[in-house]
Amino acid sequence: MTHTLVEWFSDIHGWLFQSVVQPLLYMLTLGDVTEEAFDGTEWFLLGLLELAILFIVLRPLEAWIPVKKDIDPSARRIDFLYSCIHRLGAFTLVVFFLLDPLFDLIAGHLRLLGVVHFNLETLWPSVTDVPVVAFLIYLVVLDFFDYWYHRASHQFGWWWGLHSLHHSQLDMNLWSDNRNHLLDDLLRDIYLAVIALVIGVEPSQYVLLVAASRMLQSLQHANVRVHFGAIGERLLVSPRFHRTHHAIGIGHESKGGGTLGGCNFAVLFPVWDIVFRTARFSREFAMTGIRDQLPPPEGKGRDYGRGFWAQQWLGLKHMREFARRKTS
Ligand SMILES: [Zn+2]
Ligand SMILES: [Zn+2]
């Protein structure tokens, strides 16, 4: 079954590339980036497939068991735009396939010098090189670094200025995972791609790792009353666990009312929050947003923007403004 699906996917990939992308490249005399464009077509198709699956599975769930009823349709629309830009766009692709040749170059030099290029799969032959085991190891290792990236983006004022855009959604929904500042997206993609390359992830594996991670993160943001039970919540980040991270005044704000601090930074596996003492297992499905965006007297009515360009511009402004704040 899986094999058939993979074959079906690669058939469409090949067809789309040969009949649309390749002729276009030759027309534009871009023949020398054929290899990159082939990979780019794969990322595009994968993103399209993800968006379709998310819509088919999560949209009915949101209608059936919503946390917040009467979600503003424009909130969903703007986050859908972010999802299209990021998942159909070239971010991850550019980073990974630009860095890959560079790392090949570095690895080549290291080999010449007698230093072998590191690869996590070779650590324990016949165990860590089993494809499923290698996949899980990579997923966990990348997630560890993702935890620290996310935690840092709440720790430093300038970074929170960018990341606050993600938290400014009062009507969190299935598309909200990609509601990020483009600069923050770029930084994270570079960071994860570099780590993936350092630990020896092949591009074909990286595609699957990113797809699996992105699907789970979309589920976490969906407006659904779903939790995984006492044990499940500790194994995999659930919509309830991540909603607590987005909770006004709890998940990402310190008690003193500042914007720094928070809990539940884990991206896929809550183990990092448990080990580094930032976990908070709540039974509540909290309301989401940032305290200072609420109208007075509760907040300051701060504007994080409604449209895409306003949000991007305000993100840069907040980056400058929050950088001057104290970090505790
Ligand atoms: Zn956050
Ligand atoms: Zn989030």
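The values are calculated or read from the model by the stated rules, or taken from the named source; none is laboratory data. Please read all numbers here as calculations on a predicted model, not as lab measurements. With ideal geometry, Cβ positions are generated from the backbone for all residues, glycine too; neighbour counts draw on all protein chains shown. When the accessible area is computed, the model is the full protein with side chains, heavy atoms only, and any ligands, DNA or RNA have been set aside. Shrake-Rupley method; radii C 1.70, N 1.55, O 1.52, S 1.80 Å.
Two decimals, Cα atoms only, Kirkwood Rh: what is Rg/Rh over region 183-257?
Rg/Rh for region 183-257 comes to 1.06.
I'm checking a number: the convex hull volume of the Cα atoms of the chain, normalised per residue, in Å³. What is it?
175
Through the Karplus equation 6.51 cos²θ - 1.76 cosθ + 1.60, θ set to phi - 60°, convert the phi angles of region 284-291 into ³J(HN,Hα) values in whole Hz; use x for Gly and Pro.
Using θ = phi - 60°, the values come out as 7, 9, 6, 7, 10, x, 10, 4 Hz.
Nearest 10 degrees is fine. How inclined is helix 91-112 to the longest principal axis of the chain, computing both from alpha carbons?
Tilt relative to the chain: about 50 degrees.
Please give the solvent-accessible surface of ILE137 in Å², to the nearest 10, using a probe radius of 1.4 Å with every protein chain present.
Number for this one is 50 Å².
If you take the charge dipole of the chain about its Cα centre, with +1 on Lys and Arg Cβ and -1 on Asp and Glu Cβ, which of ALA247, VAL141, PRO297 is farthest toward its positive end?
Highest projection toward the positive end goes to PRO297.
In Å², what does the accessible area per residue of the chain work out to with a 1.4 Å probe?
Computed with neighbouring chains in place, this is 52 Å² per residue.
Report the net charge of residues surrounding LEU139, where surrounding means a beta-carbon distance below 15 angstrom and charges are Lys +1, Arg +1, Asp -1, Glu -1.
-3
In what sequence, largest accessible area first, do TRP272, TRP15 appear using a 1.4 Å probe?
TRP15, TRP272
Percent of accessible area on region 37-323 owned by carbon and sulfur, 1.4 Å probe?
Using a 1.4 Å probe with all protein chains present, region 37-323 comes out at 69 percent carbon and sulfur.
Once you put a point 7 Å from the Cα of PHE55 and another 7 Å from the Cα of SER10, both along the Cβ direction, what distance in nm separates them?
2.8
For region 306-312, take each phi angle, set θ = phi - 60°, evaluate the Karplus expression 6.51 cos²θ - 1.76 cosθ + 1.60, and give the result in whole Hz per residue in order, putting x for glycine and proline.
So the Karplus estimates, Gly and Pro as x, are 9, x, 4, 5, 4, 5, 5 Hz.
Quick one: what does P(r) look like for region 173-319 with 10 Å bins over all Cα pairs, in whole %?
Taking every Cα pair in region 173-319, the percentages come to 10, 33, 38, 17, 2, 0.
Quick query: amide H of VAL267 versus all other amide H atoms, modeled in the peptide plane; which residues come in under 5 Å with a sequence gap of 5 or more or a different chain?
Under 5 Å from the amide H of VAL267: TYR147.
Using alpha carbons only, how many degrees (0 to 90, rounded to 10) separate the axis of helix 203-221 from the longest principal axis of the chain?
So the inclination is approximately 20 degrees.
Tell me, what HN-Hα J-couplings in whole Hz come from the Karplus equation 6.51 cos²θ - 1.76 cosθ + 1.60 at θ = phi - 60° for each residue of region 29-40, using x for Gly and Pro?
Per-residue couplings from phi come out as 6, 10, x, 7, 10, 4, 4, 5, 5, 4, 5, x Hz.
Please get the size of the charge dipole for the chain, origin at its Cα centre, with Cβ charges of +1 on Lys and Arg and -1 on Asp and Glu, quoted in debye to the nearest 20.
1800
Roughly what would the spin-label model give for ALA323 and GLU298, points 7 Å off Cα along C-beta, in nm?
My value for the distance between the label points is 3.2 nm.
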